[in-house]
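**Student:** The following block contains the structure, expressed as structure tokens.
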Amino acid sequence: MAAVSVELQQERRLVCVEYPGVVRDVSKMLQTLGGEEGVSRIYADSAKRLELYFRPKDPYCHPVCANRFPTSSLLLKIKKKTRRRRAESGEVTVAEVKFDMEILGIITTVYKFQGMSDFQYLAVHTEAGCKNTSMYDKVLMLKPEKEEFFNQELPLYIPPPIFSRLDTPVDYFYRPETQHREGYNNPPVSGENLIGLSRARRPHNAIFVNFEDDEVPMKPLEAAVQTWKRLCTNPIDRKMEEELRKLFDIRPIWSRNAVKANISVHPDKLKVLLPYVAYYMITGPWRSLWIRYGYDPRKNPEAKIYQVLDFRIRCGMKYGYAPNDMPVKAKRSTYNYSLPITVKKTPSQLVTMHDLKHGLGTSGTGGIKKSASNKYKLKDSVYVFREGALPPYRQMFYQLCDLNVEGLQKIIHRNDGMETECTERDGWCLQKTSDDLRDTMSLMIRQIIRSKRPGTLKAKEFKKRCLQATITQDNTYGSEDCLYLNIWIPQGRKQVSSNLPVMIWIYGGAFLMGAGHGANFLKNYLYDGEEIATRGNVIVVTFNYRVGPLGFLSTGDSNLPGNFGLWDQHMAIAWVKRNIKVFGGDPNNITLFGESAGGASVSLQTLTPHNKGLIKRAISQSGVATSPWVIQKNPLFWAQKIASKVGCPLNDTARMANCFKVTDPRALTLAYKVPLIGLECEWGLFRSGWGRVV
């Protein structure tokens, strides 16, 4: 057989999906996998499994999952060409067969469907006569519905999001009833419905002490002594014991992570060694810590520096990051779990007592043992908090003496020499010391995050205005993502000025329309603050706030209180107060000014106690809080008008508010129309329905 040479295109990398079905329509096949976009998104995250929905339009369809495997394969395209020739006698004979081969690329990743699909539960109801009826049109709201949709009688249909946690068969090993060692007694428990422990505590022979216990142990259990002596058979083990005792001589209380950061010892061996030299505190200010035998921190005020602090990185925009943009990634995330459980798992390494006895963590040949490497030694960041460094995990357990920041130590030592009582919550420290430490550490972390984020952002174009109706009121424009500010500072100077006066502009538009940048012709905007900033040597700020039904729709009670547009204005003012100093502005010299509905807003913002200390001056142009078109005394009337147009309940404000929340925001915006000709309308003398609610 002759050899064939085929050109290989190494730059073309391919992904293979072993589809569990006969493919007749490629587009429909891709639809079951989430489309090209869905496949690309799964491929970008190596921890995710590829999901196949045999009924992609069914929201209750449970997928079958494919596992990702690396591979080194080639995709070969072969064309078979058969040339037939008719002989003179008329008989058909095969003259020659030719194969054309082409390597299309290298397959580096393959997705294999090795498991079973989860159980399926269809949204059907069996009526009288054993007739199955689909309930999809009754349980799925595909468009804004009227009140009748929510009041219709339906069979109970609440399927779980997943039925089976595993998608492959597993062997279940039945075992006899748990047999405890001789002399074991179940721990004392209270409560009639408390389920007892299913097994005895692991036999590491540690002594556990609660904060309310009267005495602390003076020496280890005899079983702990015998276990360690049985395993301590080489110089390395004796050296580890000496190092650990030196640590407890330096300070009597240690966390496990702190020990592992100072001694290179295998975790399994540390489980046997720690109970030999210390006892474990379960509750109180020294919970989860190991304490030297004979030392009682509850009787020694100087032990407050060894107390534990449970610190967790706080989440929220006011700390400089969104929930999905945490600066420290989680060890495991609820959103990244691959369900059902993957088929392949890395097998755990078995450790026997024989391994421990011969020095697990050592290596060598010919019976010559080499000293243990530092591969088990942790970095000191796992137990020490330093200024300018982020914690390695979202939740950390620090001892107070390991908070290496002068400001934190001042908080800890505020009552030195005046400790009178050791409490279970605060130990020897003052009340709420832990809260003060957490607040200070959270502020430090926020500063670290801000310093590491890019300092230069592209901010040359205005964002979209808030969603509102067009001038003809037959369509909408803008976006719900609209709450942005625009800032102008004086230009043309050699250096950035500081402590400049600040002017915040609120636009008008009858609370129905408008934007922080105003109307525009080409690139010329009505509310361009550059002219005022340059001529007046001030910083000018404009911003967007919600208008129309999305900004001021209200039922007149707590179900939908309204005034959301005014709250947007307040948040913008508060943001300027907190951050304008970074732009060279004086946060104590802020002037609020506006026109028409913006002027009325200025008047209202000066009246609310929420803005106390935020504003120094105010200018209202063509509108004040007492203007008759500003105050809306009957908001429920307008809410019911809107509800009737979008099909929401009219008589129950709670149900009306819930219906508004699931209604298309564009439909809500278009539901209110201003009469364009004359002031008279079918509802009487025209007034804007979106004034402030009183």
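**Student:** Among the residues of the stretch 94-113, is any within 32 Å of the chain's Cα centre (by Cα), surrounded by 12 or more Cβ atoms within 10 Å (Cβ to Cβ), at pLDDT 85 or above and not in a strand (DSSP E or B)?
**Tutor:** Yes, that holds for at least one residue.
**Student:** Shifting gears a bit: Pull up the stretch 1-20, narrow it to residues that are modelled with pLDDT of 90 or more and assigned to a loop (DSSP other than H, G, I, E, B), then point me to the one that is surrounded by the most Cβ atoms within 10 Å (Cβ to Cβ).
**Tutor:** Per the stated criteria, the residue is Tyr19.
**Student:** Here is a further query. Would you check which residues across the stretch 269-291 are of a type in the set (D, E, K, R) and buried (at least 18 other Cβ atoms within 10 Å of the Cβ) and list them?
**Tutor:** Passing the criteria: only Lys269.
**Student:** In addition: Since Tyr477 meets every condition but one in (1) of a type in the set (Ser, Thr, Tyr); (2) modelled with pLDDT of 85 or more; (3) outside the structural domain of Ile282 (by TED's automatic domain parsing); (4) out of contact with any Ser or Thr (no Cβ under 8 Å at 6 or more places or on another chain), which condition does it not meet?
**Tutor:** Every condition holds for Tyr477 apart from (4).
**Student:** So, restricting to helices (runs of 4 or more DSSP H) that lie completely within the stretch 351-457, which ones have at least 1 residues that are surrounded by 15 or more Cβ atoms within 10 Å (Cβ to Cβ) and at pLDDT below 65?
**Tutor:** The helices (runs of 4 or more DSSP H) meeting that bar are 353-357.
For (1) of a type outside the set (Phe, Trp, Tyr); (2) in contact with a strand residue (DSSP E or B) (Cβ under 7 Å, 6 or more places away or on another chain); (3) surrounded by 10 or more Cβ atoms within 10 Å (Cβ to Cβ), each residue gets a yes or a no:
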position	(1), (2), (3)
Gly115	yes, yes, yes
Phe119	no, no, yes
His125	yes, yes, yes
Ser134	yes, yes, yes
Pro144	yes, no, yes
Phe149	no, no, yes
Leu156	yes, no, no
Pro159	yes, no, yes
Ser164	yes, no, yes
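**Student:** Only one of (1) part of a helix (DSSP H, G or I); (2) in contact with a Lys or Arg (Cβ under 6 Å, 6 or more places away or on another chain) fails for Lys260. Which number is that?
**Tutor:** Result: Lys260 passes all but (2).
**Student:** Among Arg438, Arg446, which is in the same structural domain as Trp286 (by TED's automatic domain parsing) and out of contact with any helix residue (DSSP H, G or I) (no Cβ under 9 Å at 6 or more places or on another chain)?
**Tutor:** Arg438
**Student:** Given (1) among the small types (Gly, Ala, Ser); (2) within 27 Å of Ala625 (Cα to Cα); (3) at pLDDT 85 or above, identify the lone condition not met by Gly529.
**Tutor:** The failed condition is (3).
**Student:** Does Gly509 satisfy the criteria of being in contact (Cβ under 8 Å) with a residue 24 or more places away in the chain and either assigned to a strand (DSSP E or B) or more than 20 Å from Lys641 (Cβ to Cβ) (or both)?
**Tutor:** yes
**Student:** Can you confirm whether Gly594 is in a helix (DSSP H, G or I), closer than 18 Å to Phe543 by Cβ and modelled with pLDDT of 85 or more?
**Tutor:** no
**Student:** Condition check: farther than 30 Å from Val17 by Cβ, of a type in the set (Val, Ile, Thr) and either at pLDDT below 75 or in a loop (DSSP other than H, G, I, E, B) (or both). Does Ile162 satisfy that?
**Tutor:** no
**Student:** Can you pull out every residue in the stretch 35-78 that is of a type outside the set (S, T, N, Q), within 24 Å of the chain's Cα centre (by Cα) and assigned to a loop (DSSP other than H, G, I, E, B)?
**Tutor:** Asp45, Ala47, Lys48, Arg49
The values are calculated or read from the model by the stated rules, or taken from the named source; none is laboratory data. Just so it is clear, the structure is predicted and the values come from calculations on it, not from any experiment. Heads up, the Cβs are rebuilt from the backbone with ideal geometry, glycines too, and the neighbour counts pull from every protein chain shown.
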